[in-house]
Structure formats: C-alpha cells, structure tokens
C-alpha cells in the first residue's frame, strides 16, 4: 500500500542471508550437486533392487513420493545443517539439494520393477 513502510528483514542488515549468499555463489545445478547425486545413484539402485526384486516388499517406486529418495535427501539436509554451522561456505544450497533429489528420483524410475516390466515384456 502507498505510504506504508515494510518492516526490516529479520536478522537486521540489508537483507542478506546465508541462503542469498549461496544462491549467488552457486546455481541450482552445480558440479558438486551432480557429482553427489551420481555417487548416490548406486546406493539408491541397490535399495530399489533389494526391496522390489529380492524382498518383494515395500516397492518404493510404486508410490508417488519416493520415500527412499526422500529419506536420503532428508539425511543429507540434516548433515548440511551441521556443515553450515562449521563451514558455511561448504554447505549445499536449496537448489543443489533439489538437484540431488530430482536426479535420484529419475535414477530410481529407471531401475524400478515397473519400468523393466514395460520395457522388456511390452
């Protein structure tokens, strides 16, 4: 509304936050986020294989929210909080975490039980 001043941002200063600084430093798909996702892909593939083919229970890729990927990214976010306290410059940005999440979800669909049924038998 005209004539109405907005409140200063929380934390004082000129509105700079650690998140804003990291967004300026790294875009959503940095090399380290892609490398982390690629390093975690075999772990996710093993999890999917064990739960869908060996144990034949759980079926993590038959529900809309891939709980195995969500769990891995949740653990990474918790570890990221610790890294942010010790070494703020090394912490992952939200865009980097989102990149890791998306890459792991896509990798999970390619190694899932339902994908190979359609590709190989259909």
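Computed from the coordinates by the stated procedures, all read-outs in this text should not be read as laboratory data. Computed from a predicted model, the values in this text were never measured in an experiment. All Cβ positions, glycine included, derive from the backbone under ideal geometry; neighbour counts span all protein chains shown.
Some notes on this structure:
- Cβ-derived FRET efficiency at R0 25 Å, residue 90 paired with residue 46, nearest 0.05: 0.35
- Sorted by Cβ neighbour density within 10 Å, fewest at the top, the residues 75, 69, 34: 75, 34, 69
- Legend: ranking of residues 48, 73 from fewest to most surrounding C-beta atoms inside 10 Å; resulting order 73, 48.
- Per-residue Cβ neighbour rank within 10 angstrom, fewest leading, 50, 97, 82, 104: 82, 50, 97, 104
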